[in-house]
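*Asks:* Starting off with a structure, shown below.
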Ligand code: GLN
């Protein structure tokens, strides 16, 4: 049976709880343990699928098709463990499960209450798959004191009592603000946060404190005494140049030791951190730099494309170069020559997106990349835009466009080179269908699907295999009806769904590196295992940097 670590946060949000959880996962793995990480989010959305990337950052998609919080991306990047639907839960989902059971009569006429019905639902969720791993790490979103968070805090309190003693450890992440005028790190906000936690029956075993430097002995002793935590289990979390330093930095500050100690595991197996050392080394000591432009819509909030920027970093690690990313708003070159904005970049990436706004700028960017022979990676909408560009400017289909934009505008302005998918086959050969008026949540083609690659294509060489499985999140698809016409003009569909109905990958033949993919390769890239497409794209950018 797994041991459980519950990770909570206090004082302020955005302290890097997800990163601390992910790094702890990696450290436990480095000591030979198996782990799974889980996120419990108090907001009322059923899942983040319908939330704007401006509000919540990117939606991370799992193999089994769940639309989850971007913290699950951190978990996967640090541990390599593929997240599942059951690794992400929100209050919205919990309440909707409880209400569904109530309507079905499952509670046999009882009055439905937060305790025990909602808390039981949370506890059942936490326990899913507990026999599969050594450690289950559960991060509670938000900060202690949030009204929405209370049922989760209560559920983990009960959960730890339901388990044998010593099976659960509580780790609390807080902030030690630095007051420059007095030259002091202040412990009071942390004391208050722990007091708040204790008032709802939770006592932290390990305290992780974000601070600008090491925690001096005096402050450590104060924190230990007022928060009732052993001094050696007060761990400093300092700012890092790269998030991938986190496992080593946390190890040096004693995090994994403190957690194992809290479980009474002694002596603990020694960790092997050499793979992480290599990653940090490649980041700190690169042999050059490439400049990549990401041409998108949500460019004010970099978290909206979190996995893409991380995957580019991984591509840089694999090639030992620094990847300098610049975010360009595609609307800026909607109606003009994009050259002044795009010249000088060694690669252009057009990411996924929804809706028409900014798409003409993306089409212009794809044209620039194709004509100037600059490496281009189009992801999902970025592939669709590249196909539309080629249809218009190579194949002469002047009105080529996507049904997505016509639907949005309630008009028929385009020839639908990209159309609204109504059905497709899932991995087990079952046909999935969708209607235009369906619910917005969870109705896309979501999760991992296989694709077959053309044997002598560029992508088959990049992947080193002809069968791949990648994660999807889309409603529209390139129409097969135009295949011959497009292929006659230098475009090549080099990856298809196994039934041959859905184009998954396009390449431009007469180009050093121009690839569009209907799926999201960034979701599977990891620092210890960079994705082949990002590795190869950055390699192509290095070649390009030698030309310009
Ligand atoms: N909006 C497009 C679609 O639904 C692309 C989606 C995406 O880029 N994730 O097909």
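FYI, it's all coordinate maths here, none of it is from the lab. Not measured: the values here are computed from a predicted model. Cβ placement follows ideal geometry from the backbone for every residue including glycine, while neighbour counts extend to all protein chains displayed.
*Asks:* Full-extension gain between residue 165 and residue 409, please, as 0.36 nm times their residue separation minus the C-alpha to C-alpha distance.
*Replies:* Between residue 165 and residue 409, full extension yields an extra 81.8 nm.
*Asks:* At 7 Å along the Cα-to-beta-carbon direction for both residue 14 and residue 199, put a label point, then send me their distance in nm to one decimal.
*Replies:* 2.6 nm
*Asks:* May I pose another question? To the nearest µm²/s, what D does Stokes-Einstein give for the range 163-202 at 4 °C and 1.567 mPa s, using the Kirkwood radius over alpha carbon pairs as Rh?
*Replies:* 106 µm²/s
*Asks:* Additional query: May I ask for the Kirkwood hydrodynamic radius of the range 301-426, worked out over all distinct Cα pairs and given in angstroms to one decimal?
*Replies:* When all Cα pairs of the range 301-426 are included, the Kirkwood radius is 15.7 Å.
*Asks:* Right, here's the next one. Which whole-number percent gives the relative contact order of the chain, counting Cα pairs below 8 Å spaced six or more residues apart?
*Replies:* 15 percent
*Asks:* Oh, and also: Shape of the range 276-353 from its Cα gyration tensor (a ≥ b ≥ c, root eigenvalues): rounded if a/c is under 1.5, otherwise prolate when a/b > b/c, or oblate?
*Replies:* Oblate.
*Asks:* Here is a follow-up. Where does each of 159, 78, 368 land when they are ranked from fewest to most other beta-carbon atoms within 10 angstrom?
*Replies:* 159, 368, 78
*Asks:* At 222 nm, what value in deg cm²/dmol follows for the chain if DSSP H runs of at least 4 each add -39500 (n - 2.57) and the sum is divided by all its residues, to the nearest 500?
*Replies:* -10000 deg cm²/dmol
*Asks:* For the range 320-389, calculate the relative contact order in percent as a whole number, restricting contacts to Cα pairs under 8 Å that are 6 or more residues apart.
*Replies:* 35 percent
*Asks:* Would you give the gap between the C-alpha center of the range 1-50 and the C-alpha center of the range 55-73, rounded to a whole Å?
*Replies:* Rounded to whole Å, the Cα centres lie 14 Å apart.
*Asks:* When the chain is fully extended, how far beyond the present Cα-Cα distance does residue 426 get from residue 120, taking 0.36 nm per residue of separation?
*Replies:* Length gained, residue 426 through residue 120: 106.9 nm.
*Asks:* In terms of the Cα gyration tensor, with a ≥ b ≥ c the square roots of its eigenvalues, is the range 411-548 rounded because a/c is under 1.5, prolate because a/b exceeds b/c, or oblate?
*Replies:* prolate
*Asks:* Going by alpha carbons, how many degrees (0 to 90, nearest 10) lie between the helix axis of 306-319 and the longest principal axis of the chain?
*Replies:* 80 degrees
*Asks:* In addition: So what is the diffusion coefficient of the range 1-147 in µm² per second by Stokes-Einstein at 20 °C and 1.002 mPa s, using a Kirkwood Rh over Cα pairs?
*Replies:* 134 µm²/s
*Asks:* May I ask you to compute the full-extension gain from residue 52 to residue 488, defined as 0.36 nm times their residue separation minus their alpha-carbon distance, rounded to one decimal in nm?
*Replies:* Extra length available between residue 52 and residue 488 comes to 153.1 nm.
*Asks:* Note the direction-averaged projected area, equal to a quarter of the hull surface, for the Cα convex hull of the range 235-300, in nm².
*Replies:* For the Cα atoms of the range 235-300, the hull's average projected area reads 7.2 nm².
*Asks:* What's the angle, to the nearest 10 degrees (0 to 90), between helix 91-104's Cα axis and the longest principal axis of the chain?
*Replies:* Taking Cα atoms only, the helix is inclined about 90 degrees.
*Asks:* Could you please rank 87, 281, placing first whichever residue has the fewest other Cβ atoms within 10 Å of its Cβ?
*Replies:* Going from sparsest to densest Cβ surroundings: 281, 87.
*Asks:* Measure nothing but the geometry: give the 0 to 90° angle between the long axis through the Cα atoms of 532-547 and the longest principal axis through the Cα atoms of the chain, rounded to 10°.
*Replies:* Orientation of helix 532-547: about 60 degrees from the principal axis.
*Asks:* So if I take the centroid of the Cα atoms in the range 165-224 and the same for the range 375-431, what is the distance between those two points in Å?
*Replies:* Result: 52 Å between the Cα centres.
*Asks:* Right, next: Which semi-axes, in whole Å and largest first, does the equivalent ellipsoid of the range 215-348 have when worked out from the alpha carbon gyration tensor as the square roots of 5 times its eigenvalues?
*Replies:* 42, 19, 12
*Asks:* Still on this structure, I have one more. In what order do 68, 454, 143 fall by count of nearby beta-carbon atoms within 10 Å, going from fewest to most?
*Replies:* 454, 143, 68
*Asks:* May I pose another question? Would you mind calculating the relative contact order of the range 79-167 from Cα pairs under 8 angstrom and at least 6 residues apart, reporting the percent as a whole number?
*Replies:* Averaging sequence separation for qualifying contacts and normalising by length gives 28 percent for the range 79-167.
*Asks:* For the chain, what does the alpha-carbon gyration tensor say about shape, rounded, prolate or oblate, given a ≥ b ≥ c as the root eigenvalues, a/c under 1.5 as rounded, and a/b over b/c as prolate?
*Replies:* prolate
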